[in-house]
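Have a look at the structure below, then the notes.
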Amino acid sequence: MSNELQSKLAQSLIDGDPDACFEYTKQALQSGMEPMAIIRDGLMPGMNVVGDKFSSGEYFLPDLIIAADGMQKAMELLEPELRARQQSVESAGTVVLGTVKGDIHEIGKSLVGTMLSANGFKVIDLGVDVPTESFVAKVKETGANILGLSALLTTTMTIQREIIEALVEAGVRNKVKVMVGGAPVTRSWADEIKADGYAEDAMGAVQVARQLVAN
Ligand code: B1M
């Protein structure tokens, strides 16, 4: 992607200008840029600056909300393009996906869902702030191959452990593979809570999901 457009995309999120973000995303697509590169090299760096400014006290909650609005507007353009580029014929498996209880961060979870469905997985997206018992019930009901748990807060990543324990209690832990992710989540956390897989980003989630279904 051109450096200029890349910076403009990031800056539109930092400036809290969702319309400009939508417009630059459109321009980037029209100029032939790959949707995943637009996310990785333009939008994510902008979101990270917004997050850092929030941490340092320079930005406040409304700044996060407006940046998320910009990113979601961009995703409206990017999601159909992502799906169109990776069409699989055979079903790769079923994934129940959601952001855990107490956590309303949606964008990363939805991007993971888009990439999984673009790669042939049937994705049942339960949304955000999903109660533990809803995850367990959906796994039982659908017989899903994978349960994908997103958490963006250090205070909610512990719910991933709670959900794995609830699967054990419900007697279905050995019937479903659990994949965890989200900004504060690490491989060592995934190991500690006995998750089956961990992915750092949406493309990684596709690779891990493929491995989990194969094993
Ligand atoms: Co909030 N927030 N937020 N926020 N927010 C963070 C996460 C934070 C790091 C910002 C900061 O302080 N630097 C911080 C968390 C600190 C911590 O716990 N370590 C934070 C905080 C503190 C909060 C509140 C508590 C603020 C407050 O109220 N005082 C509050 C909590 C609300 C709640 O959930 N209960 C809050 C609220 C919000 C908004 C609602 C305003 C908004 C979200 C809107 C929405 O989603 N509709 C928001 C936003 C936008 C952010 C930041 C700026 C951006 C998140 C994002 O969308 N990134 C974020 C800072 C940051 O991440 N740099 C921040 C883009 C997205 C594509 O990336 O979500 O990381 P990400 O997803 C990636 C990977 O993580 C991974 O793949 C994705 C794609 O590559 N991944 C998975 C995600 N899930 C996965 C699952 C997998 C595998 C991979 O397998 C299943």
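In the chain, the calculated helix contribution to ellipticity at 222 nm averages -17000 deg cm²/dmol per residue, counting -39,500 (n - 2.57) for every DSSP H run with n ≥ 4. Toward the positive end of the charge dipole of segment 22-159, with +1 on the Cβ of Lys and Arg and -1 on the Cβ of Asp and Glu, the farthest Cα among 96, 130, 32 is that of 96.
Before I look further, what does segment 51-105 give for accessible area per residue, probe 1.4 Å, in whole square angstrom?
Details: 3170 Å² over 55 residues.
Heavy-atom SASA per residue in segment 51-105 reads 58 Å².
Here residue 52 sits with roughly 100 square angstrom of accessible surface, probe radius 1.4 Å.
Charge tally for residue 215 (other residues, Cβ to Cβ under 11 Å; Lys, Arg +1; Asp, Glu -1): +1. Once all protein chains are placed together, residue 155 keeps about 110 Å² accessible to a 1.4 angstrom probe. For segment 64-215, relative contact order (Cα pairs under 8 Å, six or more residues apart, normalised by length) works out to 23 percent. Note on residue 122: lysines with a C-alpha under 22 Å away, same-chain residues under 8 apart excluded, are 109, 138, 140, 175, 177. Magnitude of the charge dipole for segment 3-84, about its Cα centre and with charges confined to Cβ atoms of Lys, Arg (+1) and Asp, Glu (-1), is about 160 debye. Each Lys and Arg contributes +1 and each Asp and Glu -1, all at the Cβ; summed about the Cα centre of the chain, the dipole is approximately 840 debye.
Quantify, in whole percent, the carbon and sulfur part of the accessible surface of the chain (1.4 Å probe; protein heavy atoms only).
Accessible surface attributable to carbon and sulfur in the chain totals 51 percent.
Close amide H partners of residue 124, meaning residues 5 or more places away or on another chain with modelled amide H under 5 Å apart, are 95, 96, 97.
The values are calculated or read from the model by the stated rules, or taken from the named source; none is laboratory data. Quick caveat: nothing in here was measured; it's all calculated off a predicted structure. With ideal geometry, Cβ positions are generated from the backbone for all residues, glycine too; neighbour counts draw on all protein chains shown. Ligands, DNA and RNA are excluded from the accessible area calculation, which covers all protein heavy atoms including side chains. Shrake-Rupley method; radii C 1.70, N 1.55, O 1.52, S 1.80 Å.
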